[in-house]
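These notes are about the structure you will find just below.
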């Protein structure tokens, strides 16, 4: 039952996060309110998930070897650092809904390696743990599936919004893995 509840919470977050990012939804909301409402709803969905998440007993793996444990932790922190740098290289005020403007399409440092470095960083962070509990496995697997699906929707929106410029970028830069 805990796994089903947790999956339901992830589905709720994914539905909110994806539906409110779609152009048809944005057309229902005044431009100046779109991002603040999106950020507030995302925060509410995350808080609900954190509050209602149920532990699932047991571990899938537990790395006790010190050197490997440290290496896996370092990999996890690297994922979080990639995520933070990628978010900061965008337009943080717009990302957080503090300012609204349509920025031109430009490619900042991490986006020269992959088109979705924030998602890559999250995937690395979610899976790089010396102790993979059953609960974390549900979280990591469900969010991996969501990220892989959501990236496809985002790609479609970006191609619609930026046209040929984004299509050319997509030909040059891999989607998620830094090498082809």
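Do the conditions hold for residue 126, that is, is it closer than 28 Å to residue 6 by Cα, touching a residue at least 60 places away in the same chain (Cβ under 8 Å) and surrounded by 18 or more Cβ atoms within 10 Å (Cβ to Cβ)? When the stated conditions are applied, residue 126 does not pass them.
Out of the stretch 161-180, which residues are part of a helix (DSSP H, G or I) and surrounded by fewer than 17 Cβ atoms within 10 Å (Cβ to Cβ)? Listed by number, the residues that qualify are 161, 162, 164, 165, 167, 168, 170, 171, 172.
All conditions in (1) part of a helix (DSSP H, G or I); (2) at pLDDT 95 or above hold for residue 129, with the sole exception of (1).
Of everything in the stretch 69-97 that is modelled with pLDDT under 90 and in contact with a helix residue (DSSP H, G or I) (Cβ under 8 Å, 6 or more places away or on another chain), the residue that is nearest to residue 36 (Cα to Cα) is 97. Scanning the stretch 50-70 for residues that are within 15 Å of residue 132 (Cα to Cα), surrounded by 12 or more Cβ atoms within 10 Å (Cβ to Cβ) and out of contact with any strand residue (DSSP E or B) (no Cβ under 8 Å at 6 or more places or on another chain) turns up 69, 70. Of all residues assigned to the stretch 4-15, none qualifies as being over 26 Å from residue 129 (Cα atoms) and at pLDDT below 90.
Can you confirm whether residue 158 is in a helix (DSSP H, G or I) and surrounded by fewer than 15 Cβ atoms within 10 Å (Cβ to Cβ)? Considered against the rule, which asks whether it is in a helix (DSSP H, G or I) and surrounded by fewer than 15 Cβ atoms within 10 Å (Cβ to Cβ), residue 158 comes out as no. Under the condition of being within 12 Å of the chain's Cα centre (by Cα) and free of Cβ contacts under 8 Å to residues at least 12 places away in the same chain, the residues counted in the stretch 129-147 number 1.
Hey, among the residues in the stretch 26-41 that are touching a residue at least 24 places away in the same chain (Cβ under 8 Å) and touching a helix residue (DSSP H, G or I) at 6+ places or on another chain (Cβ under 6 Å), which one's farthest from residue 128 (Cα to Cα)? Restricting to residues being touching a residue at least 24 places away in the same chain (Cβ under 8 Å) and touching a helix residue (DSSP H, G or I) at 6+ places or on another chain (Cβ under 6 Å), the top hit is 34. Of the numbered criteria (1) touching a residue at least 40 places away in the same chain (Cβ under 8 Å); (2) loosely packed, with under 13 Cβ neighbours inside 10 Å; (3) under 22 Å from residue 155 (Cα atoms); (4) under 22 Å from the mean Cα position of the chain (by Cα), the one residue 14 fails is (2).
Every test in (1) at pLDDT below 90; (2) within 25 Å of residue 53 (Cβ to Cβ) is passed by residue 120 save one, and that test is (1).
If a residue must be under 17 Å from residue 143 (Cα atoms) and surrounded by 15 or more Cβ atoms within 10 Å (Cβ to Cβ), how many such residues does the stretch 22-49 contain? Even if it seems obvious, please write down each step before you answer.
Step one: of the stretch 22-49, the residues under 17 Å from residue 143 (Cα atoms) are 42-43, 45-49.
Now drop any that are not surrounded by 15 or more Cβ atoms within 10 Å (Cβ to Cβ), which leaves 42, 45, 49.
Residues flagged as under 17 Å from residue 143 (Cα atoms) and surrounded by 15 or more Cβ atoms within 10 Å (Cβ to Cβ) within the stretch 22-49 amount to 3.
The values are calculated or read from the model by the stated rules, or taken from the named source; none is laboratory data. Just so it is clear, the model here is predicted, and its values are computed rather than measured. Reconstructed Cβ throughout: ideal geometry from the backbone, glycine too, with neighbour counts over all protein chains shown.
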